[in-house]
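Each remark here refers to the structure printed beneath this line.
The values are calculated or read from the model by the stated rules, or taken from the named source; none is laboratory data. Remember, it's a predicted structure, so these values are computed and weren't measured experimentally. Neighbour counts run over all protein chains shown; Cβ positions are idealised from the backbone, glycine included. Heavy atoms of the whole protein, side chains included, go into the accessibility calculation; ligands, DNA and RNA do not. Shrake-Rupley method; radii C 1.70, N 1.55, O 1.52, S 1.80 Å.
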Amino acid sequence: MIPASFDYQVAGSVDEAVRLLSEGGGDAKLLAGGHSLLPLMKLRLASPSLLIDIGGLHDLSYVREAGDAIAIGALTRHLDVAGSSLLQREAPLVAHVAGQVGDPQVRHRGTIGGSIAHGDPASDLPAACLALDATFVIAGPNGERRIGAGEFFRGFLETALEADEVLVEILVPKAAGAGWSFQKFNRRAQDWAIVGVAAVSNGSTRIGLVNMGSTPLRSTGAEEALAGGASASDAAAHAADGLEPPGDLNASPEYRRHLAAVLVRRAIEEASSRHG
Ligand code: FAD
């Protein structure tokens, strides 16, 4: 289908993007890689009156050290996240997960900031950010603020971002030596996850889930069972406790619950045996 008509502006800086968003009055949208927004517009599920192109803000494309964290610019493409030797060494889960997103074309265009700001429960990187307890840096009319991944995802495709705010950076705690695992169950290699699991073991274990609810979320049932001394398989039996996974052409909610239990067990086992 063809999107509804819209105005188009190119932002030359984050400040300009914030100003244009403010002037757009809630009906403007940022365009980063376009790989989530444009399909929605073509389906007429989104009809912004103004697109603000931030794809040329190359100074928001970086991976660098920031004290005890690794800072990833929001415009960093999945390919560059996957290929970052710094991330591979200090937070290998993020690099690995970015390398599992879609196909090479998607990874060349899509950005980590777009993936997080979109807030799609079927996306892979938000689950990794939840497992790693990442922090998001947001620019708005009143300056910058920070918010933890755990407070960021609010509803289906809804986040803590205000209409006039830009996600500028993702801070991932350094976790060299921590155990980690990413389990993505899909029908074909380049497909979205039917269910996915990102786990990080670093003293305690944090588990992020893909496609198990209306937002990216954590498996608190399995995490609490593990903290109470349960085995991997006993904890995994609680993977979907309190969750309401969606049903669609790929899987019923019951099948997703089953997958979550299997994948969470595998993730816990792999995270306990693979470090760094
Ligand atoms: P855009 O589409 O440009 O933007 C998405 C939303 O985020 C828009 O609302 C936009 O306004 C907002 N936004 C973008 N950047 C910012 C910012 N810096 N600050 C505030 N708001 C912002 N994803 C997966 O996780 N796993 C997959 O397996 C997968 N497979 C895919 C397969 C295909 C065929 C396609 C087309 C996409 C797939 N994706 C997958 C999605 C892909 O990862 C997207 O690139 C990503 O979700 C969105 O990033 P983007 O840069 O394209 O964002």
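Observations
- Just one of the numbered conditions (1) touching a strand residue (DSSP E or B) at 6+ places or on another chain (Cβ under 9 Å); (2) of a type in the set (D, E, K, R); (3) part of a helix (DSSP H, G or I) is not true of Arg89: (1).
- Flag if Arg154 is more than 10 Å from the ligand (Cβ to nearest atom), surrounded by fewer than 13 Cβ atoms within 10 Å (Cβ to Cβ) and part of a strand (DSSP E or B): no
- Residues of the range 92-119 classified as part of a loop (DSSP other than H, G, I, E, B) and surrounded by 22 or more Cβ atoms within 10 Å (Cβ to Cβ), total: 3
- The single residue among Ala189, Ala193, Ala198 that is assigned by TED's automatic domain parsing to the domain that holds Leu217, within 13 Å of the ligand (Cβ to nearest atom) and in a strand (DSSP E or B) turns out to be Ala198.
- Members of the range 62-83 found to be out of contact with any Phe, Trp or Tyr (no Cβ under 6 Å at 6 or more places or on another chain), within 11 Å of the ligand (Cβ to nearest atom) and not in a helix (DSSP H, G or I), listed by number: Ala74, Leu75, Thr76, Arg77
- Filter result (open to solvent by less than 20 Å² (accessible area, probe 1.4 Å), in a loop (DSSP other than H, G, I, E, B) and touching a helix residue (DSSP H, G or I) at 6+ places or on another chain (Cβ under 7 Å)) within the range 120-151: Ser123, Ala134
For every residue, the table says whether it meets (1) basic (Lys, Arg); (2) in the same structural domain as Asp133 (by TED's automatic domain parsing); (3) modelled with pLDDT of 95 or more.
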| position | (1), (2), (3) |
| --- | --- |
| Ile2 | no, no, no |
| Gly12 | no, no, yes |
| Asp15 | no, no, yes |
| Gly26 | no, no, no |
| Gly33 | no, no, yes |
| Ser47 | no, no, no |
| His78 | no, yes, yes |
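- Residue in the range 234-276 that is modelled with the lowest pLDDT, counting only those that are among the polar types (S, T, N, Q) and under 21 Å from Ile194 (Cβ atoms): Asn250
- Selection of first residues in the range 110-128 that are of a type in the set (D, E, K, R) and of second residues that are more than 6 Å from the ligand (Cβ to nearest atom) and in a helix (DSSP H, G or I), restricted to Cβ pairs under 9 Å at least 6 apart or on distinct chains, gives the following pairs, ordered by first then second residue: Asp120/Pro126; Asp124/Val97; Asp124/Ala98.
- Subset of the range 1-50 [within 9 Å of the ligand (Cβ to nearest atom), outside any helix (DSSP H, G or I) and not basic (Lys, Arg)]: Ala28, Leu30, Leu31, Ala32, Gly33, Gly34, His35, Ser36, Ala46, Pro48
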